[in-house]
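*Asks:* Please see the structure below; I have some questions.
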Amino acid sequence: MSFLRKIVVATGSLAGLTLAWWVVSATGAVDDPPLLVKSFAVAGLLAVSAWLLRIVLRRFLWRVSRRLAFSYFLMGVVPIPLVACLVALVLYILGGFFIGHLYMNALESVQRDLHSAARVELDRLRGQLDGRAPQSGARFSYYRGGRRFAGDPNAPALLRDVLPTRDLGDMEEGPPALFLGTDGRPTLFAAATAGRLAVVARLQGSLDAELRRRTGLWVEIARPSTRAEEDRVILHLWGRQFPVEGLKPQASTSEIRSFFIDRRRLAVDAEAPDLPLTEKPWLVWLELSRPFLDPLTGEEVEDYLTATLVTSPAALIDQLTPSAPEVNLFVYLALLTVFLVTLNLYIIALLMALLLIFNLSRAVNRLTTANRRIEGGDFKTRIEVFRRDQIGALQAGFNQMAGNLERLVDEEAKKEIFERELQIAAQMQQSLLPDTLDAPAALRFATFFEPSRAIGGDYYDLIRLADGRLALVIADVAGHGLPAGLRMAMVKSAFELLCQELDSPKEILRRLHHLLRERLHQRGEHRAFVSATVAVFDLESGRLEIVGAGHPPTYRLRRGEVRPFELPGPPLGILPPTLPTAHTGLEPGDVFLWLSDGLIEATDCDGEVFGYPRIVETLRGLPADPETVKDTLLQAVAAHTGQAAGEHMIDDDLTLLVVGYDPDATSTGAPALPVDGDDQSEAQSSEIRSSESRKAAP
């Protein structure tokens, strides 16, 4: 499936699922689909989306340069905003902790000042100080014996233990206790006692305003019960309640903004009243103050109070940095130095990554281009190797592979040319062998020829001698392949020329022997020899003359009986030939068989040869039909070697020549002469010599 087709199918599937879900939801066909249906719909949308994303990514990341760039983007670019978000979150939390700490310090400072004012007022009341106490922004109430006798009428009538009377250094950990004021707002109380006398100081103004003045933050202490129901959010985690409604100030944005403008003395343009981002009060934090007590009864009014703290980044930085300009300058320079060093390192890393991506992608592109040229058939393509890394080794290996491939292609081309030429030579050799033997009707032929290679060294033919007789020749040139085929062609040419000049088969073979020794030994081919048998048919007299030169016996099949004519002697081309001869008469129904040693030496899986005795056993009792004799013998050899008929059976040339004699089919009608004494004389002597040689053989 092509890339565009995949995109169309994936987009269509995603659009179809989305449309089906929208139709079901919009038409109200299903009021409340089962959870399983929803799950399958969502899973289908996710699966199609993931498939579409995979197709796009695979197409986009096919090139190595894009893959490397995308990898660098994932490892070098994506973490930057993630780390920035993490740093921003950490800075926000640290800033919240800091302004919370400022709030708690200011609250404790107010508590401490009230306690000091109460102590000073108590000393003045006891006469230890002269004059009036300095203005402290507190209202006092006076107690004797635990009862109020003067002062603030809103103070408790009875002095209770809930009022803080200890110094700040002795106070327990945690925020000071807040009390319910007359206006319903939180306030602070502090008491100082000496014997039966006591003075209680209450913050006269707004606690929020006093804390804003001391901290520079927008402080807004609220009771949960005073917030609107929609603004009250309680998180229930691990069995505890966590209020988060204090994160939203009750004051308006303009009021908070005006506070920071006045506090920081910011110049605001009337036409563009918007503040810079660093001056905007968007840093919000929440602190809990507990308990919230009623000063009259000492009971808790609320479980807790929420203090919403708001500030701007610029105000927070001013509170964090020292007041000395020299120190600030040093800190800024240090931060700027660290930033510049980090930026330079990142730029260097980025340039190195881009250089690596460029080099790797260029090397891979060269390999891809070279590979496409190789695919196009340009096997001379090479890559210039400049690198000394794994890519360089890969390029060098590609060049070596291309060289080997070029050499193999050249060798294959040469081999193909050689095989084509060899095929032509085989066809030419096949043309040298007669397809049909031009013989009288009295002789019926059946032939078989199968070379062990493309070109064989066996040869047979039927040639008319100078005196009119028919000479049947079968020869086997030593060796295989093209050299044997060339020698065979030479033997054929020489034999045809000699048959035109001579009529004696012995003289023909003798002259052929001298020719072979002269031609072959001049070229240094001392081991080249040719075994041959020449059979001369004299149809007028009904006789057959057989002359052998180191070739396998000639077999005669007469009335089911087999007689081998063994004519031992050296082959042509080595030693002076003895050329033993046999004569026999021709009778109607005689079948003569000539074969090469390839059939005799055919071996089975155990290495046992087919041998001469099996030939005799196979031929015995066969009808006088050349085709039947040929097929039966070939089937027997195939069965012995364990191969099917028609398959190449052995590693030597196979030649089989079967001739049947039927004088009734002749036009002359010459009677076939019976075998007489002459048929036995030289044949018997040759048989005696062959039997003696067999007995002498080990």
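*Asks:* Would you mind finding the one in E501, E566, E561, E540 that is more than 22 Å from A471 (Cα to Cα), of a type in the set (D, E) and open to solvent by 40 Å² or more (accessible area, probe 1.4 Å)? So that I can check it myself, show each step before the final result.
*Replies:* Details: E501 fails: more than 22 Å from A471 (Cα to Cα); E566 fails: more than 22 Å from A471 (Cα to Cα); E540 fails: more than 22 Å from A471 (Cα to Cα).
Being more than 22 Å from A471 (Cα to Cα), of a type in the set (D, E) and open to solvent by 40 Å² or more (accessible area, probe 1.4 Å) holds for just one of E501, E566, E561, E540, which is E561.
*Asks:* Considering only residues of segment 132-148 that are open to solvent by 50 Å² or more (accessible area, probe 1.4 Å) and assigned to a loop (DSSP other than H, G, I, E, B), which is modelled with the highest pLDDT? Give the derivation first.
*Replies:* Taking segment 132-148 as the starting set, the residues that turn out to be open to solvent by 50 Å² or more (accessible area, probe 1.4 Å) are 132, 134-136, 139, 144, 147-148.
Subset that is assigned to a loop (DSSP other than H, G, I, E, B): 132, 134-136.
Working: R132: 56, P134: 56, Q135: 58, S136: 63.
Ranking the candidates gives S136 first.
*Asks:* Would you be able to tell me the number of residues in segment 300-322 that are open to solvent by 30 Å² or more (accessible area, probe 1.4 Å) and within 29 Å of L89 (Cβ to Cβ)?
*Replies:* 7
*Asks:* Separate question: From the list V675, V659, pick out the single residue that is surrounded by 14 or more Cβ atoms within 10 Å (Cβ to Cβ), within 19 Å of Y555 (Cβ to Cβ), among the β-branched types (V, I, T) and modelled with pLDDT of 85 or more. Spell out the reasoning first.
*Replies:* Values: V675 fails: modelled with pLDDT of 85 or more.
The match here is V659.
*Asks:* Further question on the same structure: Among the residues of segment 375-391, which ones are over 13 Å from L360 (Cα atoms) and open to solvent by less than 60 Å² (accessible area, probe 1.4 Å)?
*Replies:* Those that are over 13 Å from L360 (Cα atoms) and open to solvent by less than 60 Å² (accessible area, probe 1.4 Å): G377, F379, T381, I383.
*Asks:* Of everything in segment 439-487 that's over 18 Å from W594 (Cα atoms) and of a type in the set (D, E, K, R), which residue is modelled with the lowest pLDDT?
*Replies:* Applying the filter and picking the extreme gives R453.
*Asks:* What is the one condition in (1) modelled with pLDDT of 85 or more; (2) over 30 Å from I455 (Cα atoms); (3) open to solvent by 30 Å² or more (accessible area, probe 1.4 Å); (4) in a helix (DSSP H, G or I) that A370 does not satisfy?
*Replies:* All conditions pass for A370, except number (3).
*Asks:* Okay, next question. Going through L94, L159, L107 one at a time, which residue ends up being out of contact with any strand residue (DSSP E or B) (no Cβ under 6 Å at 6 or more places or on another chain) and touching a residue at least 40 places away in the same chain (Cβ under 8 Å)?
*Replies:* Values: L94 fails: touching a residue at least 40 places away in the same chain (Cβ under 8 Å); L159 fails: out of contact with any strand residue (DSSP E or B) (no Cβ under 6 Å at 6 or more places or on another chain).
The match here is L107.
*Asks:* Out of the residues in segment 479-495 that are among the aliphatic types (A, V, I, L, M) and open to solvent by less than 20 Å² (accessible area, probe 1.4 Å), which is farthest from E601 (Cα to Cα)? I'd like the intermediate steps shown before the answer.
*Replies:* Just the residues of segment 479-495 that are among the aliphatic types (A, V, I, L, M), to begin with: 482, 484, 486, 488-491, 494.
Those still in the list that are open to solvent by less than 20 Å² (accessible area, probe 1.4 Å) too: 484, 488, 491, 494.
On the way: A484: 19, M488: 21, V491: 24, A494: 28 Å.
Out of the qualifying residues, it is A494.
*Asks:* For the condition more than 30 Å from Q423 (Cβ to Cβ), of a type in the set (A, V, I, L, M), in contact with a helix residue (DSSP H, G or I) (Cβ under 9 Å, 6 or more places away or on another chain) and part of a helix (DSSP H, G or I), what is the one hit in L516, L486, L482, L498? Step through it out loud before you land on a result.
*Replies:* On the way: L516 fails: more than 30 Å from Q423 (Cβ to Cβ); L486 fails: more than 30 Å from Q423 (Cβ to Cβ); L482 fails: more than 30 Å from Q423 (Cβ to Cβ).
Residue meeting the stated conditions: L498.
*Asks:* Looking at segment 348-367, is at least one residue farther than 23 Å from F73 by Cα and surrounded by 13 or more Cβ atoms within 10 Å (Cβ to Cβ)?
*Replies:* Of all residues in segment 348-367, those farther than 23 Å from F73 by Cα come to 366-367.
Add one more test, that the residue is surrounded by 13 or more Cβ atoms within 10 Å (Cβ to Cβ), and what stays is 366-367.
Among the residues of segment 348-367, at least one is farther than 23 Å from F73 by Cα and surrounded by 13 or more Cβ atoms within 10 Å (Cβ to Cβ), which makes the answer yes.
*Asks:* Sticking with this structure for a sec: What are the residues in segment 596-639 that are surrounded by fewer than 15 Cβ atoms within 10 Å (Cβ to Cβ) and acidic (D, E), if any?
*Replies:* Listed by number, the residues that qualify are E601, D604, D606, E608, E617, E627.
*Asks:* Name the residue, out of A177, A198, that is open to solvent by less than 40 Å² (accessible area, probe 1.4 Å), at pLDDT below 85 and farther than 26 Å from R257 by Cα.
*Replies:* On the way: A198 fails: at pLDDT below 85.
The match here is A177.
*Asks:* Note down all Cβ pairs under 9 Å where the first residue falls in segment 499-512 and is more than 10 Å from V534 (Cβ to Cβ), the second is among the small types (G, A, S), and they're at least six residues apart or on different chains.
*Replies:* Final answer for the pair search is Q500/A466; E501/A466; L502/A466; D503/A466; D503/G468; D503/A471; R510/S504; R511/A494.
*Asks:* Another question about this same structure. Looking only at residues in segment 573-589 that are modelled with pLDDT under 85 and among the aliphatic types (A, V, I, L, M), which one is most open to solvent (accessible area, probe 1.4 Å)?
*Replies:* Ranking the qualifying residues of segment 573-589, first place goes to L575.
*Asks:* Would you tally the residues in segment 283-299 being part of a strand (DSSP E or B) and open to solvent by 40 Å² or more (accessible area, probe 1.4 Å)?
*Replies:* Here is the first cut: in segment 283-299, the ones part of a strand (DSSP E or B) are 283-289, 292-293.
Of the ones still in play, those that are also open to solvent by 40 Å² or more (accessible area, probe 1.4 Å) are 285, 287-288.
Of the residues in segment 283-299, 3 are part of a strand (DSSP E or B) and open to solvent by 40 Å² or more (accessible area, probe 1.4 Å).
*Asks:* Shifting gears a bit: So L61 passes all but one of these: (1) touching a residue at least 12 places away in the same chain (Cβ under 8 Å); (2) of a type outside the set (V, I, T); (3) farther than 20 Å from L217 by Cα. Which condition number does it fail?
*Replies:* The one condition L61 does not meet is (1).
*Asks:* Do the conditions hold for E518, that is, is it open to solvent by 40 Å² or more (accessible area, probe 1.4 Å) and within 21 Å of H583 (Cβ to Cβ)? Show your work before the answer.
*Replies:* Working: open to solvent by 40 Å² or more (accessible area, probe 1.4 Å): yes; within 21 Å of H583 (Cβ to Cβ): no.
So E518 fails the test.
*Asks:* Please give the strands (runs of 3 or more DSSP E) falling wholly within segment 529-604 in which 3 or more residues are out of contact with any Ser or Thr (no Cβ under 8 Å at 6 or more places or on another chain) and touching a residue at least 12 places away in the same chain (Cβ under 8 Å).
*Replies:* So the answer is 530-538, 554-558.
*Asks:* Still on this structure: Look at F398 and say whether it is open to solvent by 70 Å² or more (accessible area, probe 1.4 Å) and either modelled with pLDDT of 85 or more or part of a helix (DSSP H, G or I) (or both).
*Replies:* Details: open to solvent by 70 Å² or more (accessible area, probe 1.4 Å): no; either modelled with pLDDT of 85 or more or part of a helix (DSSP H, G or I) (or both): yes.
No, not satisfied.
*Asks:* Return the only residue of A155, A209, A106, A191 being at pLDDT 90 or above and in contact with a Ser or Thr (Cβ under 7 Å, 6 or more places away or on another chain).
*Replies:* Details: A155 fails: at pLDDT 90 or above; A209 fails: in contact with a Ser or Thr (Cβ under 7 Å, 6 or more places away or on another chain); A191 fails: at pLDDT 90 or above.
Going through A155, A209, A106, A191 in turn, the sole match is A106.
The values are calculated or read from the model by the stated rules, or taken from the named source; none is laboratory data. Everything numeric here is computed off the predicted structure, so don't read it as measured data. Cβ: placed from backbone, ideal geometry, glycine included. Neighbour counts: every protein chain shown. Quick note on the areas: whole protein, heavy atoms, side chains included, nothing else; ligands and nucleic acids left out. Shrake-Rupley method; radii C 1.70, N 1.55, O 1.52, S 1.80 Å.
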